[in-house]
1. Would you confirm whether or not region A:40-52 contains a residue that is open to solvent by 10 Å² or more (accessible area, probe 1.4 Å), of a type in the set (Val, Ile, Thr) and either in a loop (DSSP other than H, G, I, E, B) or out of contact with any Cys (no Cβ under 8 Å at 6 or more places or on another chain) (or both)?
2. So which residues in region B:113-137 are at the interface with another protein chain (Cβ under 7 Å from one of its Cβ atoms) and open to solvent by 50 Å² or more (accessible area, probe 1.4 Å)?
3. Against the definition (modelled with pLDDT under 95 and either crowded, with 22+ Cβ neighbours inside 10 Å or touching a Lys or Arg at 6+ places or on another chain (Cβ under 8 Å) (or both)), how does residue B:99 come out, yes or no?
4. If a residue has to be on the phi < 0 side of the Ramachandran plot and either in contact with a strand residue (DSSP E or B) (Cβ under 7 Å, 6 or more places away or on another chain) or open to solvent by less than 50 Å² (accessible area, probe 1.4 Å) (or both) to count, how many in region A:1-39 make the cut?
5. Look at residue A:136 and say whether it is modelled with pLDDT of 95 or more, under 20 Å from the mean Cα position of the chain (by Cα), among the β-branched types (Val, Ile, Thr) and not assigned by the TED database to the domain that holds residue A:17.
6. Just to be sure I understand, how many residues within region A:116-146 are open to solvent by less than 20 Å² (accessible area, probe 1.4 Å), under 26 Å from residue A:20 (Cβ atoms) and facing chain B (nearest Cβ under 7 Å)?
7. Mind checking which residues of region A:69-115 are out of contact with any helix residue (DSSP H, G or I) (no Cβ under 9 Å at 6 or more places or on another chain) and open to solvent by less than 40 Å² (accessible area, probe 1.4 Å)?
Amino acid sequence: MELIYHTWSWYISGFIIGLIMLSLIYFGKYFGMSSNLRTLCSLAGAGKKVAFFSFDWKSQRWNLAVVAGAMLGGFVATHYLSDASNVSINPKTIAELQMMNIDAPQGKLMPDALFSKDVFESPKAILILIIGGILIGFGSRYAGGCTSGHAISGLSNLQLPSLKAVIGFFIGGLIMAHFILPLIV
Amino acid sequence: MKLVKFILVGFIFGIVLTKSEAVSWYRIYEMFQFQSFHMYGIIMVAVLTGIIGIQIIKKYNLKDYSGAPICIPDKESSTVRYLLGGVIFGLGWALVGSCPGPIFILIGAGFTTVILVLLGALIGTFIYGVLKDKLPH
């Protein structure tokens with residue numbers, strides 16, 4: 001049981017993620033999470049104003065079902081399969097975060113400094129989360145995919161465009177983590 | 001129901017991403033600081049599993065569950081959109097520590113503030129839809 005409650009190893013987790021992608025291919029679909037954002041925009045009626053969202057969102061119901069399952073999985077794993085040993089990151093990372101006033105994990109998935117409910121009372125913290133979301137939503141659609149669509153699905157199919165996108169992900173991520181984040185947090 | 005298998009695949013996806021902590025802001029930060037192999041290991045093994053699986057599918061012309069041949073379309077070739085879009089995505093990924101999959105998983109797990117990230121992601125997707133024809137691809 002310990003094996004389930006503790007952090008899952010990278011080799012088992014990576015293997016299962018690979019199988020998830022392959023199982024969606026076997027079911028005649030593909031592994032790509034960011035397309036759901038477009039589907040949700042379409043569902044909300046954006047197709048009436050912008051052609052990009054005018055498509056039959058019902059053809060994407062299967063992917064919304066994956067989302068629903070993922071949300072349920074997140075709930076079950078967080079509430080029933082976790083313990084205090086989780087998220088034991090590098091002590092050096094913890095020390096660096098402390099200098100930026102970001103709390104240590106101690107079993108939590110997310111830092112309170114950025115994600116606790118107090119955020120709703122801080123315009124700056126709200127803005128950080130919304131702007132981060134805008135970059136993710138805009139960037140993934142512009143690049144035609146996110147971590148699942150390019151890094152996992154695309155690289156698995158040896159796609160050069162996906163390699164370019166993943167290189168972009170890391171350039172952007174490194175710039176944010178090393179140069180921008182220390183200035184704004 | 002036809003959708004049950006997709007809910008089940010999603011369910012396993014949500015559990016694995018949570019239990020591997022790939023949904024954790026901390027793990028993404030640690031990855032971008034090169035202070036842990038964990039996230040790199042996950043991505044590498046997932047891709048390796050995928051490469052082997054897809055090679056087997058192609059070599060033996062495997063069929064999908066309905067008996068139709070499996071055909072995985074190539075990505076359209078270009079550079080600007082992938083690099084530029086990728087960089088913009090990466091900036092957001094490292095800022096809020098979650099990509100589209102984890103956004104949904106974390107909301108399901110009860111992190112209500114991540115709804116703000118989802119809201120932003122929908123706005124960002126909408127902005128792309130509006131600007132699409134004016135952007136270099």
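1. Yes, the conditions are met somewhere in region A:40-52.
2. Within region B:113-137, B:119, B:123, B:126, B:127, B:130, B:132 qualify.
3. Taking the combined requirement at face value, the residue satisfies it.
4. 23
5. yes
6. Residues meeting the conditions: 9.
7. Scanning region A:69-115 gives a single hit, A:107.
Residues checked against (1) touching a residue at least 40 places away in the same chain (Cβ under 8 Å); (2) more than 7 Å from chain B (Cβ to nearest Cβ):
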position: A:1; (1), (2): no, yes
position: A:8; (1), (2): no, no
position: A:21; (1), (2): yes, no
position: A:27; (1), (2): no, no
position: A:32; (1), (2): yes, yes
position: A:35; (1), (2): yes, yes
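The values are calculated or read from the model by the stated rules, or taken from the named source; none is laboratory data. Note that the coordinates shown come from a computational prediction; the quantities given were computed from them, not determined experimentally. Heads up, the Cβs are rebuilt from the backbone with ideal geometry, glycines too, and the neighbour counts pull from every protein chain shown. Heads up: the accessible areas ignore ligands, DNA and RNA and are worked out on the full protein's heavy atoms, side chains in. Shrake-Rupley method; radii C 1.70, N 1.55, O 1.52, S 1.80 Å.
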